[in-house]
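Participant: First the structure, then my questions, so here it is.
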């Protein structure tokens, strides 16, 4: 597959991300709005909430719409990735970047979708320890190392892997020296 073929390929503009935070914010807004109605009914004046709190129904509504939009975006991404894997009969060794370019998705978003699909049992895959390519149809069982400590969320530079028999990013115990983690695909 030629790299230049997809050089200027359109990517989906939305991101694949969890919608739980959006729904949590909407529920907080909804709770405060309902609380203001209770204060209004019992004539309780707490920081003036009974006079302005019911207005929070409006942003709560739009935040809920945003949460459902994110759920729909995630659903579309999962369908696109599943269709790409169906075309490959859920078998074979493929470069993650090639599949992502083919369907117009950012590789990091595709990796997150694949992880969700694997966690739900929809697809089985692992990564080649030598090349980092995705091996469809070959499952992997995660074994966490006792020495593993999760890295910080924002990394300034790659974590040193010298002398470690586990993936420093996901904690998967490595049985042999590998260039890539067979569980998460991280470059070691």
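Bear in mind these aren't lab numbers, they're just calculated from the coordinates by the rules spelled out. A quick note: this is a predicted structure, and the numbers were derived from the prediction, not measured. Reconstructed Cβ throughout: ideal geometry from the backbone, glycine too, with neighbour counts over all protein chains shown.
Participant: Would you compute, from DSSP H runs of 4+ residues alone, the mean residue ellipticity of the chain at 222 nm, taking -39500 (n - 2.57) per run and dividing by the full residue count, rounded to the nearest 500?
Facilitator: -13500 deg cm²/dmol
Participant: Oh, and also: Which value, in Å³ per residue, describes the convex hull spanned by the Cα atoms of the stretch 1-141?
Facilitator: Considering the Cα atoms of the stretch 1-141, their hull volume per residue is 150 Å³.
Participant: Under the √(5λ) rule applied to the eigenvalues of the Cα gyration tensor, what semi-axes describe the equivalent ellipsoid of the stretch 58-188? Give them in Å, descending.
Facilitator: Value: 29, 21, 13 Å, ordered largest first.
Participant: Sorting check: for 154-161, 64-71, which peptide has the highest mean count of neighbouring beta carbons within 10 Å, and how do the rest follow?
Facilitator: Order by mean packing, descending: 64-71, 154-161.
Participant: Provide the gained length on full extension for the span residue 142 to residue 25, in nm with one decimal, where the gain is 0.36 nm per separating residue minus the Cα-Cα distance.
Facilitator: 38.8 nm
Participant: Between residue 44 and residue 155, with labels modelled 7 Å along Cα→Cβ, what's the label distance in nm to one decimal, could you check?
Facilitator: 4.9 nm
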